[in-house]
Amino acid sequence: MNNEIALQVEQLSFAYGKKQALKMVNVDVPTGTCCMLLGPNGAGKSTLFALITRLYDTREGAIKLCGYDVKRNHLQALSQLGVVFQQPTLDMDLTVMQNLRYHAALHGIGRMQASQRIQEELERLDMYERRKEQVRKLNGGHKRRVEIARALLHEPRLLLLDEPTVGLDMPSRKAIVEHVHAMAEEKQLAVLWATHLIDEVYDNDHLVVIHRGQVRAAGCVTEVLQTTAAESVQVAYDTLTKEVRG
Ligand code: ADP
Ligand code: MG
């Protein structure tokens, strides 16, 4: 099971009208790995997520989730997927528990099982004690943790996180980065994490560096450092995303 590819993106291209946002993108995320999708603003990270979640239709190329094509077998494919979007999407007036119960019901999870799953995920993220608090009163880091717990309720095989730590203070960021990395290994979950914050990369992560809609480098950290002859991920990233003048 270790080598199972949870997400397979092949030769994916996409344009907003005449604006080409992705060009022949290939991405593989094996089970149990954190794949960091690194790219500056406008690189195409959220567009890739929008195609994986089928917000937009894939016309050129293919996307498979645990072997299911998102176009031909979209129900099976999307049931393998948990998503934390770039913009927070919790109901601020409800409690943590109410937000999660609502989501579990949407996924057809029965009440007893929902209680158990909610407790499990909130405990993992150190949020169970806050389950009765209104979401509006939580700090940004805690809100994000609730969204991560929610994305995991139906036990997906692949978790997509679109810049989940932007705007958070350092301790909150660090806690989320650590939680998600530990979870990927423990639950054999595949994670695709979009970010432009290089310090979120761990040594055994996979990297996909994207710039102007194209993959500039991909592989494990050591492979990317080798191909760019760089001594750190920051240097590799800077080199790969440098604007070409002319
Ligand atoms: P990232 O998430 O890496 O910041 P995006 O995927 O949001 O990048 O954007 C990729 C490119 O597509 C950018 O040039 C952006 O301006 C453009 N873009 C994104 N969304 C739209 C849209 N709805 N309509 C037109 N262009 C868009
Ligand atoms: Mg984005």
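Each value in this text was obtained by applying a stated rule to the coordinates, not by laboratory testing. Note that the structure is predicted; figures quoted are calculated from it, not measured. Backbone-built Cβ (ideal geometry, glycine too); neighbour counts: all protein chains shown.
Assorted remarks:
- Charge tally for TRP193 (other residues, Cβ to Cβ under 9 Å; Lys, Arg +1; Asp, Glu -1): -4.
- Bridges between two residues of the chain, per DSSP, are antiparallel at a rate of about 55%.
- Distance cut-off 22 Å, percentage of C-alpha pairs in the chain lying past it: 54 percent
- Sum of -39500 (n - 2.57) over DSSP H runs of 4+, divided by residues of the chain (222 nm, nearest 500): -10500 deg cm²/dmol
- Dipole of the stretch 83-155 [Lys/Arg +1, Asp/Glu -1 at C-beta], most positive-end residue of MET97, GLN119, VAL135: VAL135
- Membrane-span-like helices of the chain, defined as complete DSSP H segments with a Cα extent of 18 Å or more along the helix axis and a mean Kyte hydropathy of at least 0.5, are absent.
- Taking 0.36 nm per residue of separation and subtracting the current Cα-Cα distance, fully stretching the chain between LEU78 and GLU10 would add 22.8 nm.
- Taking every alpha-carbon pair in the stretch 14-86 and binning the separations at 5 Å intervals from zero gives 3, 13, 26, 27, 20, 8, 2, 0 percent.
- Ordering ALA151, TYR202, SER232 by Cα displacement along the dipole of the stretch 100-246 toward the positive end leaves ALA151 in first place; charges were set at the Cβ atoms of Lys, Arg (+1) and Asp, Glu (-1).
- Cα shape, the stretch 73-210, gyration tensor, a/c 1.5 rule: oblate
- Part-to-part distance (alpha-carbon centres) for the stretch 160-220 and the stretch 1-43, which is given in Å: 13 Å
- Using only alpha-carbon positions in the stretch 83-155, the gyration tensor eigenvalues give semi-axes of 17, 13, 11 Å once each is multiplied by 5 and square-rooted (largest first).
- For the chain, a simple Cβ point-charge model (Lys and Arg +1, Asp and Glu -1, everything else neutral) yields a dipole of about 960 debye relative to the Cα centre.
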